[in-house]
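Coordinate-derived values only; no laboratory data. Predicted, not measured: the structure shown is a model, and the values here were computed from it. Neighbour counts run over all protein chains shown; Cβ positions are idealised from the backbone, glycine included.
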Amino acid sequence: MKKKFKDLKDFDKPREKLLKKGEKVLNNIELLSIIIGSGIKGRDLYKISEDILNIIKDKKDFNLDDLVKIEGLGRVKASRIVAAKELFKRLSKEDEFKIRRPEDVYSFLYEIRDKKQEHFVLITLDGAHRVIKKRTLFIGTLTQSIVHLREIFAYALEDRAASIIVAHNHPSGNLRPSEDDLLITEKIREAGNLMGIELLDHIIVSKEGFKRIG
């Protein structure tokens, strides 16, 4: 049976735990309960927090109207959560990585430069060339049979990307593109042109540097 907030000892309440042990020891419901502050008669604070968490999980872009439907929350407490969400969103945007030149891509791929196996990476970007997401699609020797266009563009569509960059490392350190590298690049470019998602670059990286395939 889940604990109720009203049954907790003072030392075990979220705010007291945070002050004594830090925020990392708290679970999501406990963190939400600190933001809300209190429940109402007949609606335990933890139960209200659980209802909020369910909405957040089901609808990432939730708003005030979604939250005020929760019994015991009210507009004032709901507005605190919406304000916290908006603040986090704005601060997160300040850390967005924007691709301005090939050197930016190279610095963004630091983790695969000296890998012993080839890693094929997809970077999706918005219309302002800001990185939406970086994914390692597969690990192993790069061949036409391994690179699946369907997988590349499924992720690009999922991210609503305006353009993409693909990259892979050469463990040997030799940055010269292989015949397969050139053919794969052309296939991705052609598919992107058909789908309206531009291939900005295919870049080979190693610990020695990088080379653009184009």
In a Gaussian network model over the chain where Cα atoms closer than 10 Å are linked, find which of Lys57, Lys115, Lys77 has the largest mean-square fluctuation. Lys57
Cut-off under 5 Å, modelled amide H: who pairs with Asn169 long-range: His119, Val205
Using only the alpha-carbon atoms, what does segment 5-93 span along each of its principal axes? Please give whole angstrom values in decreasing order. 35, 33, 21
Using a 7 Å offset from the Cα along the Cα-to-Cβ direction at both Ile35 and Lys60, what is the distance between the two label points in nm, to one decimal? 1.6
Report the equivalent ellipsoid semi-axes for the chain in whole Å, largest first, defined as the square roots of five times the eigenvalues of the gyration tensor built from alpha carbon atoms. 47, 20, 15
Between Phe97 and residues 5 or more places away or on another chain, which pairs have amide H atoms under 5 Å apart, with H built 1.01 Å from N, and which residues are they? Val131
In a GNM of the chain with a 10 Å cut-off on Cα contacts, which of Asp126, Asp51, Asp159 has the highest mean-square fluctuation? Asp51
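Hey, any idea what the orientation-averaged projected area of the convex hull of segment 102-212's Cα atoms comes to, in nm²? Kindly include the intermediate steps, with their values, before the conclusion.
On the way: hull surface 24.1 nm².
The Cα convex hull of segment 102-212, projected and averaged over all directions, gives 6.0 nm².
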Add -39500 (n - 2.57) for each DSSP H run of 4 or more in the chain, then divide by its residues: what number comes out at 222 nm, to the nearest 500 deg cm²/dmol? -12500 deg cm²/dmol
Membrane-span-like helices (DSSP H runs, Cα span along own axis at least 30 Å, mean Kyte-Doolittle at least 0.0) in the chain -> none
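Looking at the chain, send over the antiparallel percent of its DSSP beta bridges, to the nearest 5. Please report the intermediate quantities before stating the final value.
Details: 19 of 26 bridges.
Around 75 percent of the beta bridges assigned by DSSP in the chain are antiparallel ones.
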FRET efficiency (Arg80, Glu151; Cβ distance; R0 45 Å; to 0.05) is 0.65
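With +1 assigned to the C-beta of every Lys and Arg and -1 to the C-beta of every Asp and Glu, and no other charges, what is the dipole magnitude of segment 5-93 about the Cα centre in debye, to the nearest 20? Mind showing how you got there, number by number?
On the way: 22 positive and 15 negative charges, 62 e Å.
It comes to approximately 300 debye.
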For segment 114-120, what does the Karplus curve 6.51 cos²θ - 1.76 cosθ + 1.60, with θ = phi - 60°, yield as ³J(HN,Hα) per residue in whole Hz, taken in order and with x for Gly and Pro? 10, 5, 7, 10, 6, 10, 9
Springs between alpha-carbon atoms under 10 Å, Gaussian network over the chain: tell me which of Pro102, Pro171, Pro14 tops the mean-square fluctuations. Pro14
